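Heads up, the thing below is written out as structure tokens.
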Amino acid sequence: MFKYFTKLDYLLKETFLGLKRGGWMNWAAISTVTVLLFLFGLSLQVSWQVETLLNQFGSQLELSVYLEPGVQAFNLEPLMTKMPEVAAVEMITKEKAWTKLVKEFGLTDIDGATQQLGGNPLVDEMKVKAVNPQVVQNLATQLAKLPGVNVVQYVDEAVKRVAQLHRGLNWITLTITIILTLTAIAVTTTTIRLIVMARRQEIEIMQLVGATATWIYLPFILQGISFGLLGGALAWSFISLTQQFLNRLLINQPDFIQFLRHGLQLTTSQTLLLPLILLGFGASVGLMGSLFAVRRVAK
């Protein structure tokens with residue numbers, strides 16, 4: 001056990017020594033990784049938020065089902081509630097709808113208005129909520145086939161726009177991530193290589209006394225991983241500060257903005273997962289960069 005602690009102590013000391021000697025070269029790699037992870041983290045967070053907004057629209061999207069004259073809503077309610085795509089059903093009788101319409105026109109004599117038109121001209125209506133936006137079109141087709149249904153109306157333009165935005169953000173995130181990842185790996189490789197070259201005399205002495213390649217170059221690999229972990233921590237800090245700033249900026253905005261702000265909050269699992277993803281991604285970038293550098297120098 002003491003032997004393993006001795007080896008670990010050696011690796012940590014050599015890694016810290018390498019970071020200390022790297023100076024400003026270290027910050028070139030760390031800052032590049034930080035920018036990569038900051039933009040990646042923001043894009044990932046926005047993608048999660050847009051997906052949440054898309055699901056909210058889907059769960060709140062209502063289909064208006066207008067029945068044929070003489071067909072009562074309560075006869076069709078059991079059939080609609082049994083459909084797996086349906087989240088909720090609300091019945092609006094023609095009497096209730098007519099009373100509301102007359103009041104909106106500012107009329108107080110409801111019976112008089114009804115007599116002038118020769119009766120209530122409206123029909124019973126069903127408000128149907130879909131479980132998600134993907135099933136809306138299929139649900140509308142099924143509802144239109146029910147006996148007694150005259151017309152099914154729904155507005156899916158907003159859902160389509162949000163879905164297109166979500167797909168566009170995913171492609172933009174992927175493109176930016178690939179470009180910046182390659183850049184971060186290149187900068188990390190160059191930085192580690194310069195650090196190795198600056199210590200080549202020490203490496204030659206270690207080789208002469210019989211040190212293996214693993215023990216010679218492993219501290220440099222750990223330095224690359226440290227670049228990624230520091231970049232991930234800094235990126236997460238900047239994202240948290242940005243989120244707090246936006247929350248303070250939007251706190252006194254209109255109700256609609258408040259609805260969006262609360263609706264776009266990340267879940268607890270997403271809040272915990274984001275820093276882990278940033279740290280893991282950063283460590284992977286640092287690992288790849290340092291491996292490329294060590295491999296080139298070792299050859």
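The values are calculated or read from the model by the stated rules, or taken from the named source; none is laboratory data. Note that the coordinates shown come from a computational prediction; the quantities given were computed from them, not determined experimentally. Positions of Cβ are generated from backbone atoms using ideal geometry, with glycine treated the same way; all protein chains shown enter the neighbour counts.
In the range 120-153, which residue that is under 15 Å from residue 62 (Cα atoms) and at pLDDT below 75 is surrounded by the most Cβ atoms within 10 Å (Cβ to Cβ)? Step by step, filter the range 120-153, then rank; the result is 133.
Yes or no, residue by residue, for (1) surrounded by fewer than 18 Cβ atoms within 10 Å (Cβ to Cβ); (2) more than 30 Å from residue 238 (Cα to Cα); (3) modelled with pLDDT under 70:
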| residue | (1), (2), (3) |
| --- | --- |
| 14 | no, no, yes |
| 30 | no, no, no |
| 52 | yes, no, no |
| 68 | yes, yes, no |
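Inside the range 249-298, residues that are part of a helix (DSSP H, G or I) and modelled with pLDDT under 85 make up a count of 21. With the structure loaded, tell me whether residue 168 is of a type outside the set (Val, Ile, Thr), loosely packed, with under 12 Cβ neighbours inside 10 Å and closer than 30 Å to residue 42 by Cα or whether it fails that test. Against the criterion (of a type outside the set (Val, Ile, Thr), loosely packed, with under 12 Cβ neighbours inside 10 Å and closer than 30 Å to residue 42 by Cα), residue 168 qualifies.
Only one entry in 195, 176 is closer than 20 Å to residue 40 by Cα and either basic (Lys, Arg) or in contact with a helix residue (DSSP H, G or I) (Cβ under 8 Å, 6 or more places away or on another chain) (or both), namely 176.
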